[in-house]
1. Which order do peptides 11-17, 127-133 fall in by mean Cβ count within 10 Å, highest first?
2. Can you give the FRET efficiency to the nearest 0.05 for residue 7 and residue 137, using r as the Cβ-Cβ distance and R₀ = 22 Å?
3. Can you list residues from other chains, or at least 5 along the same chain, whose modelled amide H is less than 5 Å from the amide H of residue 106?
4. Per-residue counts of other Cβ atoms within 10 Å, averaged by peptide: what ranking do you get for 46-55, 109-118, highest first?
5. Evaluate the range 1-57: find the radius of gyration of its Cα atoms, find its Kirkwood radius, and give the ratio Rg to Rh.
6. For a Förster distance of 25 Å, can you work out the FRET efficiency between the beta-carbons of residue 124 and residue 25, rounded to the nearest 0.05?
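What follows is calculated from the coordinates using simple rules that are stated; it is not laboratory data. Quantities reported herein were computed from a predicted structural model and do not represent experimental measurements. All Cβ positions, glycine included, derive from the backbone under ideal geometry; neighbour counts span all protein chains shown.
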Amino acid sequence: VNWSGSEIDLLQSVGNALIENDPDVIVGFEAQNGSLGYLVDRAAVIGLDFGEIISRMPERRRFRPPECNTEKEGTENETSPKKVNVAVEYMKKTAGGGFNITGRHVINLWRVVRQEVKLNSYTFENVVAEVLGCRVALHSTRQ
């Protein structure tokens, strides 16, 4: 288990781990809305393009923390850009809603299971129970 003191440190750790291990394929159960999509969204909030950081484009591999935003919270005006879900907007632009990282194959396991296995429910816990025949705990992200 790795512990990070801040969100930037966490993104840097994940980015560096992906760069060091250099996987050809990244698999996630809900890669767009969960794991990678969440990291892309959080990085965008602090001014980073996480998809570019973990891509195989050598000139963009160096992790550079963003410049500090000196604008105080609540001082936004009508000309400020609206906050958008970056991962969702990015996926709308790609064919079939896929999640693309240059130089890596990203497999959304949920989509694969949905096409290959007929189930009543496609939650992670139900897919594991039906396909693998074992149970996993349901961990809530809400407190």
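1. Details: 11-17: 16.7, 127-133: 13.0.
Averaged packing, sorted descending, gives the order 11-17, 127-133.
2. Values: r = 26 Å, r/R0 = 1.16.
With R0 = 22 Å, the Cβ-Cβ based efficiency is 0.30.
3. Residues meeting the criterion, in which the H sits 1.01 Å from N, are 26, 101.
4. Numbers: 46-55: 19.4, 109-118: 12.6.
So the peptides 46-55, 109-118, ranked by packing, come out 46-55, 109-118.
5. Numbers: Rg = 11.1 Å, Rh = 11.8 Å.
So for the range 1-57, dividing Rg by the Kirkwood Rh gives 0.94.
6. Details: r = 19 Å, r/R0 = 0.77.
FRET efficiency, residue 124 to residue 25: 0.85.
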